[in-house]
Amino acid sequence: MTPMLQMRGIVRRFGAVTALDAVDLDVCAGQIVGLLGENGSGKSTLMRILFGMLRPDAGGIVFKGGELSGHTPAQAMRAGLGMIHQHFTLVEAMTVLENVMLGWPRAGRVLRRREISRMIVETGARYGLEVDPGARVRDLPLGRRQRVEILKAILRGADLLILDEPTSNLAPAEVDGLLGVLRRLRQDGTGIVLISHKLPEVLAVCDDVVVLRAGRVVARLPVAAATRQSLAAAMLGPGMAGAAVKAGRGTVGAVRLSVRDLRGGPPGGMVLGGVSFEIRAGEVLGVAGVDGNGQIELVDSLAGLQRPAAGRITLDGRDITFASVTARLRAGLAYSPADRAQTGLVRGMSIADNLALRQDRRTPRRRGLLARQAERLIREYDIRAPGPQAVAATLSGGNQQKIVLAREIERAPGILIAHQPTWGLDPGAAGFVLQQVARLRSAGAAILYVASDLEEVLSVSDHVAVLFEGRIAGIAPRAEARMDQLGLWMAGGSA
Amino acid sequence: MDGGRLGVSGAGSVLQTLGARLGLAALLSGLTAVLLVVLSGHDPVAAVQALAAGAFGTRSLIGAGLDRSTPYLLAGVGVALCFRAGIINIGAEGQIAVGGLGATAAALGAPVGSPVAAITLALIAGALAGAAWSGLAALLHLVRGVHEVLATLLLNFVALLLVQLLLAGPLGQAGAGFLQSPRFPPSARLPRLPLLDVHLGFPLAVLAAAGGTVLLWRTRLGFGLRVLGASRSAARYAGFRPPVLTMLVMLLAGALAGLAGAIEILGLHRRLVEGFSNGFGFRAVTVALLGLLEPVLVVPAALFVGFMEAGALSMQREVGVPTAMVTVLEGLTVLYVLAATSRRGLR
Amino acid sequence: MDLLASAIRIGTPLLLAALGGLLSERAGVFAVGLEGMMLAGAFAGLFGAWATGSAAVGLLCAMLGGGVIGVLVAVVAVRSRADNMVTGLSANIVALGATGMLLRLLSQRGGASGGEAMHWVPLAAWSPPGLGRLPVLGPLFVQPPLTWLGLGGCVALTWFLRHSAIGLTLRAAGESPAAALAAGADPRRVRERAVVAGAMVAGLGGAVLSLQQVGSFTEGMTGGRGYLALAALIVGRWTPFGAALACLMFGGAEALELHLEAAGVGINPYLLQMTPYLAALTVLVLVGPSAQMPAAIGRSYANDETR
């Protein structure tokens, strides 16, 4: 059978980096192809090219017998491609119905609200994608929003569906539901590309697997011939599989950070419903959980960017519950926020200014001083940059994160709060981050490590806690943590 | 707005591109000016000659141009600082008006014999009044979430009417036929400098510009303003309190604008007159943007606009090109500069 | 009733401008340029009507005049992604200068006629048959044509935003340009068109002043009405009828001022002139920030990757 989609010799460069190097990809009707790879391996770039959001430097695409080149996303959709982005592209202020009608010629120039509404209900029932057409997207949980995205694509008659990391925001039970939907779509002859770096779900639902590493296809095989180990080895490359942080373990000391019954959060956001834990010197507490279960509220409350409604936070015995950001800095609290672009860094400012961003106001701001300090940190933390006056935005994500870590760790903090510190980094930079965390732990700091990737959390932590709907669903020492138990906690089962 | 937000590629190449883009903007402005003169049916060469003669013809004309630039410079420095912090303060017009009001109240209400004391008192009163007006706008913005553009704009209209209201009442000169206050006593007139034939306000304004640059680049407060302008959440993360920074920079800008208003009437009109601040608010924005939000660069920008306007009067008189042409040119030039310095413009 | 009728009449230019601003803001571009769009519309409308003797041509010219300022804003604020606020403000100044300059040139050419270069007999009031003669409520329905146009515009715009595909795309561009792009629309083009269309409507608002209320043009004759319209649009929560209500209120403040003045009540005229601005500020303070504000307003959107 001729494949429905044939991508041949796709090349794409970003500056000096070759993100895709002669990549081929075939997908047949009624087939689910898993596209595996680490962050930065090129899988998203490949799919963005397919969908017309990026132009390839070389290579060609044939879809349903016709050539696709120089196309826009709109033309891709008309040709029968549907893409479910990792970050949903729904208008939150609008209803499900309006989101489905948006940009869809079938909805008519004068919108056929009733007719489309009926179609949503009918198609939803058929594929297990039930959703209320009149509900406002803003009020829907993430799993529901994904249903809307998939419905949108199916209703528009997508023959090939691309799902970019569709399970990263879902609890395990929702993941099962999604896999069921994909199987039903396959029965109806839809081709599916599932982008993921999670092996179990790929093994569970895909027919074929393609593994990308550093912009090249390193493996292409039917799923029946694949094992978790073989895929992991292919993804990570020789000698990298199973590499965990094995830094010298210091002695665990007294309690440095203690959080008692912390409540609050901004109006409308996920509210913390009483979080308690403590971290001792020389210890890493990892917090796992599906994104949006109170992670941001927790770290922002600890860092002083959000005022808790109730509870008590003590740092080395001192109450800092309502202390200002400055007071927390002086008390020895370091914070590496998930939002590097807007919070952790000022992208338009120099490296030197960024390294001095959280400098105590009692230290003088002298230019020579700042420049010398910057030069030293650039050396010590191996920040690849032309010099201290280089603008932060011009650096790669890994080097930007190094600026944040250098600044926070440089103060020899008593506690570090790290939120998604490896997000979007290549394996080398991510390894550097984990190393720094381990080094700080050996030095006797207490570390709160919050990330959405369970394996990453497990690899770095001494204890693992799971956050669900603003509460700690369970907490366990790493040695005793079992995957099935953690999965249950993430889905809302209690300890 | 923030210079920091502009950079995308390396710092050096950004500067080069920015320079090229600004050069293009300047060229476009010049062409627009010629086009406007030609379209209104006049000879551009004669118009430029008349403009130059009107602006620089004699020593006293030069002094008049400097006088005219002074309030633009003072208020423009304040606007530049606000814009750097990401606060779009377009209330300079009202703040200038209220500053004039404050100075008038001090000059007429508190008869002090010594000129130094009288002038100092009047200038301080003007600055305080201007700061109060901008502080009010900041308060509405911070406490009730009224967008700062609307708060400052609407307060402009209130301030202008407030001046008229008071001139028609307690501050007015009865039976003058115009809305104006009585003349100030001689002790409350701003002295003129012997050398340049300009009032004392001009050197004060240049000092303020220099101070603005030091504040912006050499102090922690200035660093905070720049961080705030780039990202509010980064400012909070860095330990700054955005509402405090917002209030401080608004008060500072209001004080500078109020000072501009005080200087304008103490140095030029020597009495409060209706509508003395008309159009000053936008000129403050114009010179701030032409000066690329860099306080010391606002000095040449303010001089440029001030002398253009001074020359335009003679251009209208001698050649017949309407002075409104300069207004069109100012508006378009700001648009060119905006387009040249916007994020996309630098890609 | 008389007061209410004149509040409606006086609120008309604000209403048309606010409707124009609504198009622009719902698409995600701040409408600070309304003042200039009105001013250009007022001038061009009067010029067109005066030169051809036709009110219809005048209205067409008013839309074109407002549209020119709209194009200016669209190019700088949307295409070049400059700050919306400062762009709008500058466009206002361009309009102020350009209309002033043209007026002066016209009067120079027309010889000694001075400021009264152009004039027009204000449009007469009209009422739907029968309604004008109703007891008590009658005077409400006797309104000039552009006032009826404004009210019709409210209904049309409400329908357009909710029930037309273009309206839906326009709202998406203001709420989430990324989502609009993913749905196959070009948010930048949508915004550009919305700004220009809105500017044309705001131009009509200006024409109300010159063709329907005064019959002549004076420099800067809008006198801040564009900014009031902007406030009305915000107070009205970005909905046409909400904006209409707010315009009615601001119009009422001005109508009251005129009524009191005519009645010879001894209230300071300057204080009275302040009332619309103070009313706008008070309402803005009372209503506070709103969740209805289009989420992506004023934020430029980079969709270069597709081009």
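Taking region A:8-24 as the range and being buried (at least 23 other Cβ atoms within 10 Å of the Cβ) and over 23 Å from the mean Cα position of the chain (by Cα) as the test, the residues that pass are A:ILE10, A:VAL23.
Summed over region B:64-93, the residues that are closer than 22 Å to B:ARG270 by Cβ and touching a Ser or Thr at 6+ places or on another chain (Cβ under 7 Å) give a count of 1. Filtered by the rule that a residue be buried (at least 19 other Cβ atoms within 10 Å of the Cβ) and out of contact with any Lys or Arg (no Cβ under 8 Å at 6 or more places or on another chain), region A:47-81 gives A:MET47, A:ARG48, A:LEU50, A:PHE51, A:GLY52, A:MET53, A:PHE63, A:LEU68, A:HIS71, A:PRO73, A:ALA76, A:LEU81. For region B:263-311, a residue qualifies if it is over 13 Å from the mean Cα position of the chain (by Cα), of a type in the set (Gly, Ala, Ser) and assigned to a helix (DSSP H, G or I), and the qualifying residues are B:GLY267, B:ALA310, B:GLY311.
Exactly one residue out of A:GLY52, A:GLY60, A:GLY70 is not charged (D, E, K, R) and not in a loop (DSSP other than H, G, I, E, B), and it is A:GLY60.
For region C:180-222, the set of residues classified as assigned to a helix (DSSP H, G or I), surrounded by 24 or more Cβ atoms within 10 Å (Cβ to Cβ) and either among the aromatic types (Phe, Trp, Tyr) or within 14 Å of chain A (Cβ to nearest Cβ) (or both) consists of C:ALA180, C:LEU181, C:ALA182, C:PRO187, listed by residue number. Does region B:275-290 contain at least one residue that is of a type in the set (D, E, K, R) and either surrounded by fewer than 23 Cβ atoms within 10 Å (Cβ to Cβ) or at pLDDT below 90 (or both)? No: zero hits. Screening B:THR333, B:THR327, B:THR341 for residues that are out of contact with any Asp or Glu (no Cβ under 6 Å at 6 or more places or on another chain), under 22 Å from B:ARG21 (Cα atoms) and facing chain C (nearest Cβ under 8 Å) leaves exactly one candidate, B:THR341. The set of residues in region A:131-154 being hydrophobic (A, V, I, L, M, F, W, C) and touching a strand residue (DSSP E or B) at 6+ places or on another chain (Cβ under 9 Å) consists of A:ALA135, A:VAL137, A:ILE150, A:ALA153, A:ILE154. Among the residues that make up region C:72-91, is at least one of them among the small types (Gly, Ala, Ser), more than 10 Å from chain B (Cβ to nearest Cβ) and on the phi < 0 side of the Ramachandran plot? Yes, some residue in region C:72-91 is among the small types (Gly, Ala, Ser), more than 10 Å from chain B (Cβ to nearest Cβ) and on the phi < 0 side of the Ramachandran plot. Selection of region A:298-345 for residues being under 30 Å from A:GLN485 (Cα atoms), touching a residue at least 60 places away in the same chain (Cβ under 8 Å) and within 14 Å of chain B (Cβ to nearest Cβ) yields A:VAL299, A:LEU302, A:ALA303, A:TYR335, A:SER336, A:PRO337, A:ALA338.
Please verify whether C:LEU22 is within 13 Å of chain B (Cβ to nearest Cβ) and part of a helix (DSSP H, G or I), treating the condition exactly as stated. Taking the combined requirement at face value, the residue does not satisfy it. Given the structure, is A:SER396 within 12 Å of chain B (Cβ to nearest Cβ) and either over 28 Å from the mean Cα position of the chain (by Cα) or over 19 Å from B:SER233 (Cβ atoms) (or both)? Criteria not met by A:SER396. The set of residues in region A:92-127 that are over 15 Å from C:LEU161 (Cα atoms), facing chain C (nearest Cβ under 10 Å) and crowded, with 21+ Cβ neighbours inside 10 Å contains only A:VAL100. When residues in region B:153-192 are screened for being of a type in the set (D, E, K, R) and either modelled with pLDDT of 90 or more or under 18 Å from B:LEU108 (Cα atoms) (or both), 2 of them pass. Restricting the first member to region B:178-206 and to residues that are farther than 21 Å from B:GLY258 by Cβ, and the second to residues that are at pLDDT 85 or above and part of a loop (DSSP other than H, G, I, E, B), the beta-carbon pairs closer than 8 Å and six or more apart or on different chains are B:PHE178/B:GLU274; B:PRO182/B:ARG271; B:ARG183/B:ARG270; B:ARG183/B:ARG271; B:ARG192/B:VAL198; B:ARG192/B:LEU200; B:LEU193/B:LEU200. Restricting attention to region C:259-290, the residues that are farther than 14 Å from B:LEU153 by Cα, within 7 Å of another protein chain (Cβ to nearest Cβ) and without any contact (Cβ under 8 Å) to a residue 12 or more places away in the chain add up to 6. In this structure, A:GLY424 does satisfy being within 18 Å of the chain's Cα centre (by Cα), touching a residue at least 12 places away in the same chain (Cβ under 8 Å) and assigned to a loop (DSSP other than H, G, I, E, B). Check A:THR123, A:THR18 and return the single one that is of a type in the set (S, T, N, Q) and either closer than 22 Å to A:THR2 by Cα or in a strand (DSSP E or B) (or both). From the options A:THR123, A:THR18, the qualifying one is A:THR18. Applying the criterion of being within 12 Å of chain A (Cβ to nearest Cβ) and crowded, with 19+ Cβ neighbours inside 10 Å to the residues of region B:234-258, the residue that is nearest to A:LEU370 (Cα to Cα) is B:ALA238.
Taking B:LEU101, is it surrounded by fewer than 24 Cβ atoms within 10 Å (Cβ to Cβ) and of a type in the set (A, V, I, L, M, F, W, C)? When the stated conditions are applied, B:LEU101 does not pass them.
Within region B:133-145, can one find any residue that is away from every other protein chain (no Cβ under 14 Å), surrounded by 24 or more Cβ atoms within 10 Å (Cβ to Cβ) and part of a helix (DSSP H, G or I)? Within region B:133-145, one or more residues are away from every other protein chain (no Cβ under 14 Å), surrounded by 24 or more Cβ atoms within 10 Å (Cβ to Cβ) and part of a helix (DSSP H, G or I).
Residues in region C:32-42: is at least one under 30 Å from C:LEU181 (Cβ atoms) and more than 14 Å from chain B (Cβ to nearest Cβ)? No, region C:32-42 has no match at all.
The values are calculated or read from the model by the stated rules, or taken from the named source; none is laboratory data. Since we're looking at a predicted model, the values are computed, not measured. Glycine also receives a Cβ, built like all others from the backbone with ideal geometry; neighbour counts cover every protein chain displayed.
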